[in-house]
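As structure tokens, the structure follows; a few thoughts come after it.
Rule-based calculations on the coordinates, nothing more; no lab input. What you see is a predicted model, and the numbers here were worked out from it, not measured in a lab. Note that each Cβ is placed from the backbone with ideal geometry, even for glycine, and that neighbours are counted across all protein chains shown.
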Amino acid sequence: MEQLDLIPHLFRTEYRKIVAVLCRRFGFQDMETAEDIASETFLTATQSWGIEGVPANPAGWLYNVAKNKAKNHLHRNAIFQEKILPEIITNASDFEEMDIDLSPQNINDSQLQMMFAVCHPAISTESQIGLSLRILCGFGIQEIADAFQTGKDTINKRLLRAKEKLREEKITIELPAPGDIEDRLEPVLTTIYLLFNEGYYSVSKNETLRKELCLEAMRLCTMLIENKLTNKPQVNALLSLMCFHASRFAARLDGDGELVLYDEQDTNLWNTDLISKGGYFLHCAAGGDRLSRYHLEAGIAYWHTQKADTNEKWESILQYYNRLLQIQYMPIAALNRTYALSKAKGKGVAIKEAVKLGLTDNHFYYLLLGELYSGIDNKAAQQHFEKALSMAKTESEKRAIQKKIEYSRYSPR
Amino acid sequence: MDEYIIFMRLDLLTKDAQPSPEQMQDYMKQYQDWVGGIAAQNKFSGGKGLSVEGKVLKYGDVVTDGPFVEIKESIAGFIIVKAASLEEATELASACPILNGPGNSVEIRKISALHQQQ
């Protein structure tokens, strides 16, 4: 195997660590230099390992090269400053300051601090996710563009603007004060959750990339849990939620990469290991007196990992959706709540509430109505499915709706 | 859209009228289903339940403990909804499950902009 596989792998795991440490050392002013040095390090590795073979400790080798490149940069910088500002005299202590600390502890601290800096409310959510993918997850520009279903130029521009903004606002790379943690965690968790959703719900056909996005989100969340300062109940709730969702990763796509609806999934493909992990973190989330949206969503996700179609299951899901919608209205939550209502209290009750939702620009609304009318008024059901079909955005959605139409046409009554 | 406050009044004090813990759990579910239905229409603005602990101050330095009890029913809580008209707000309020109890009532009032938020 060797370096052909090894270098991309190391790039994925080590690039972000080197960038985080160097960025923190240089500040956002010199962020591009940090990225350049990290990239050059891998270029050097490719050249050198091709001739001399892979060293015994590849990661350590990379750190050493990055360290030397960074020191050279700082040194050059110092000399440059010395020349234009002759009153500054370099002495021994300056060289001490130039040490680049790539110890596991400092790598971890730097990544955590970067997380808070990159998820700063001063920049747009899209940019936060983009920067996180680049800086915290080591994604290539093309991969980020694929994840956002857009071009490399758009992403490059977006990242450039975001970096400028971070400089303008003089955002420092550090952990927030303990008193500010709760507030500053909010956008960090939002970014992590969006990152996860990007992978979980994106229409991209690239399954490997999608899975990778989800795993990265879970990794970042785990880092927050591993740090005492940021190990808060809502962080555990978010990780729990992501574990529960991720447990269905294998079951929700068929051999052709088509989406398999929850009801039709092979439950044997559900990952029990992730389900128990989800349970563990949900348990850890129980402390504190604040019920976050992640707690409620984790509760909903927990019940979705329960295979038995009981009344208790749907009553519980309904109650969580009731609470979730009071914290934050989301059309998809309103639709899912109404579906849970139909499972808990019957289709008649649910139809009455469904018609009040008024989400007439949302094709999932018509899908829900079609579902609710199935078996009650199949003609109405069919009309709603047809409407959903005419509004559906992707081919795979259209195929799934088409199946529903066929089914309702030939089902009894 | 305007905001309307829905006050819920029920008998909080008569011992015999108080629900058992099991009943209470069931009532809370019904209540959450009602509010959840309003929130699913994106018409929920906020709300709070109230403890029976309280004070009433009146003209002439009169201070009494507990909620206002000139009538048997006192305010148990309120929610604020978004609605296009008083009629719509009344329609939302009409499904409030506390109306299943005799003597209970809800009162719907339009919120006027006396304390404008910044």
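Below, the figures for the structure above:
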quantity	calculated
Mean Cβ neighbour count within 10 Å, used as a protection proxy, ranking B:31-41, A:172-182 highest first	B:31-41, A:172-182
Candidates A:Gln113, A:Gln382, A:Gln326: whichever shows maximal mean-square fluctuation once chain A is modelled as a Gaussian network with Cα springs under 10 Å	A:Gln326
For segment A:129-186 versus segment B:89-111, the gap between their alpha-carbon centres in whole angstrom	48 Å
Equivalent-ellipsoid semi-axes of the protein assembly as shown, from the Cα gyration tensor, Å, largest first	52, 32, 20
Nonlocal amide H pairs with A:Glu174, under 5 Å, H built at 1.01 Å	A:Ala117
Two-site label geometry, B:Gln25 and A:Lys228: point separation in nm, points 7 Å out along Cα→Cβ	3.9 nm
Residues with amide H under 5 Å from that of B:Gly47, placed H, sequence gap 5 or more	B:Ile80
Net charge of Cβ neighbours under 12 Å - reference B:Gly46; Lys, Arg +1; Asp, Glu -1	+2
Dipole magnitude of the protein assembly as shown about its Cα centre (Cβ charges: Lys, Arg +1; Asp, Glu -1), debye to nearest 20	1020 debye
Gain in span if fully extended, A:Asp377 to A:Asn108, counting 0.36 nm per residue against the direct Cα distance	91.0 nm
Spacing of the two label points (7 Å from each Cα toward its C-beta) at A:Ile332 and B:Ala113, in nm	3.5 nm
Given charges at beta-carbon only (K, R positive; D, E negative), |dipole| of segment B:2-110 in Debye	180 debye
Length released on extending from A:Asn64 to A:Lys307, taking residue separation times 0.36 nm less the Cα-Cα span	82.4 nm
At R0 = 45 Å, FRET efficiency that the Cβ-Cβ distance of A:Val54 and A:Gln402 yields, to 0.05	0.30
For segment B:90-97, Karplus couplings with θ = phi - 60° (6.51, -1.76, 1.60), whole Hz, Gly/Pro x	5, 4, 4, 5, 5, 8, 4, x
Pairwise FRET efficiency - A:Thr394 versus B:Lys55, Cβ, R0 = 51 Å, nearest 0.05	0.25
Other protein chain Cβ atoms within 10 Å, averaged over every residue that makes up A:318-326	6
Theoretical FRET efficiency, 1/(1+(r/R0)^6), r = Cβ-Cβ of A:Lys345 and A:Ala286, R0 22 Å, to 0.05	0.20
Loop-located GluC sites (Glu not before Pro) in segment B:35-118 whose Cβ has at most 12 other Cβ within 10 Å (DSSP)	B:Glu53, B:Glu70
Dipole of the protein assembly as shown, positive end: most advanced residue of A:Asn236, A:Gln149, B:Ile75 [Cβ charges, Cα centre]	B:Ile75
Relative contact order (%) - chain A, alpha-carbon pairs under 8 angstrom, separation at least six	9 percent
Spacing of the two label points (7 Å from each Cα toward its C-beta) at A:Ala250 and B:Asn100, in nm	4.5 nm
15 Å beta-carbon shell around A:Glu353, net charge (K/R +1, D/E -1)	+4
4 °C / 1.567 mPa s Stokes-Einstein diffusion coefficient of segment B:2-110, Kirkwood radius on C-alpha pairs, µm²/s	86 µm²/s
Rounded tilt (10° steps) of A:363-373 against the dominant C-alpha axis of chain A	30 degrees
Segment A:389-397 - phi-based ³J(HN,Hα) in whole Hz, Karplus 6.51/-1.76/1.60, Gly and Pro as x	4, 5, 9, 4, 9, 10, 4, 5, 5
Whole-Hz couplings from phi, Karplus 6.51/-1.76/1.60, listed for segment A:43-52; x for Gly and Pro	5, 4, 4, 4, 5, 5, 5, x, 8, 9
Residues with amide H under 5 Å from that of B:Ile111, placed H, sequence gap 5 or more	B:Glu3, B:Tyr4, B:Ile5
